[in-house]
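I have placed the structure first, in the form of structure tokens, so that the comments after it can refer back to it.
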Amino acid sequence: MIKLATAVEEAGGEDTRAGVVDGRKISSYNRSMRRRPDTLLPIEVSILAAGVDLRRDGATTFYGFSIAKEIREREGARRLTAHGTLYKALDRMKRAGLLASCWEDPLVAARERRPRRRLYEVTSAGEQALAKAQAERPRPTPRPAEGLAGL
Amino acid sequence: MSALLLTHSIRLTRRWVRLYTAGLPTEVREARRAELESDLWEQEQEAGAAGCRPTTTALHVQRRFMLGIPADLSWRQQQGGSKIIRKAGRGAIEGARLTAAAIRRNWALGTVILALAGAFSAVGLVSQAGGAVDPTNPKTCFLHRTGDEPASKRPATDRKRGASVSRAPKRTQSGERQTRSSNLRGGVQ
């Protein structure tokens, strides 16, 4: 699950309560905020993880809506990622070399009578970045109640 | 009625995409518009197949559209473009930040501000995007725009940047749109 508090922590914020969103520490709201280099934002981790999962399931490529759906299912969310958030992240990741993209053959789309899809795939750099992000992710600390229950 | 709401939600999202991609290089603009068009189509189809009510789907589309606005504006700022659009983007981002702060402090007040902002945005979008967008009508839908419509019917930004028939996406024999960019021809970038 995407924890906005994680992004706040990464940004060196003080407020680390889960679910608390500080607009000053979200890059879209605050121009002066800059992310640390070589770090992935929660949405980027979600996209890469979902992309790797889809590939494991046999889908070599994915497209915008399929990745939004996969993220929703993986994280048990009720709703899909917002358009702007998703496509901005995909664009950024493509520029960073974490994803590669191509446009679907127009004839395939025409045959299926639907708009053409932009297909993405996770690159080796993306896989490495995901592995690094998952290794660096702090383990959840047990709640006091859980700790006492174990005694 | 509920189907109409869904149609309007999709139309509003299309107009928003048209608005914030206006003035960008053709390749970037068409890529983003086509990607969103595909997303909207997929969502509508998936919801229909799952038996969701059109009203529910419409609300989901609206939510995705509204919550993505700050990221859209931020992306637009990164792409550059006209000074006015950049300024408007900065203003809107600041507005979104203040609204978020207001919602945190006073939920009711924040909701009223958000509703007013939404209403003004909708009116502004409708007036700026101009003209009805009908996906089945090649003259009005950006996905089917051929570039052979009169200059007065094209967005102001296209006219300003000297867009002409030669800059419009070419069509294959099957009638599918084909952009000039090599990266849109099926090769992995």
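Structure data summary
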item: FRET E, pair A:THR39, B:ALA49, Förster distance 30 Å, beta-carbon r, rounded to 0.05; result: 0.20
item: Probe 1.4 Å, all protein chains present, accessible-area order of A:ARG92, A:ARG113, A:ARG118, largest first; result: A:ARG113, A:ARG92, A:ARG118
item: With DNA, RNA and ligands ignored, accessible area of B:LEU5 (1.4 Å probe; Å², nearest 10); result: 70 Å²
item: Label-point separation, B:ARG63 to A:SER124 (7 Å along Cα→Cβ), nm; result: 4.1 nm
item: Peptide A:103-116, shielding by other chains (average Cβ, 10 Å cutoff); result: 5
item: Full-stretch length increase - A:VAL52, A:ALA131 - with 0.36 nm per residue and alpha-carbon distance subtracted; result: 27.4 nm
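The values are calculated or read from the model by the stated rules, or taken from the named source; none is laboratory data. Note that the structure is a prediction, hence the values are computed from the model and not measured. In this analysis, Cβ positions are derived from the backbone assuming ideal geometry, glycine residues included, and neighbour counts consider all displayed protein chains. These area figures cover heavy atoms from the full protein model, side chains too; ligands, DNA and RNA do not enter into them. Shrake-Rupley method; radii C 1.70, N 1.55, O 1.52, S 1.80 Å.
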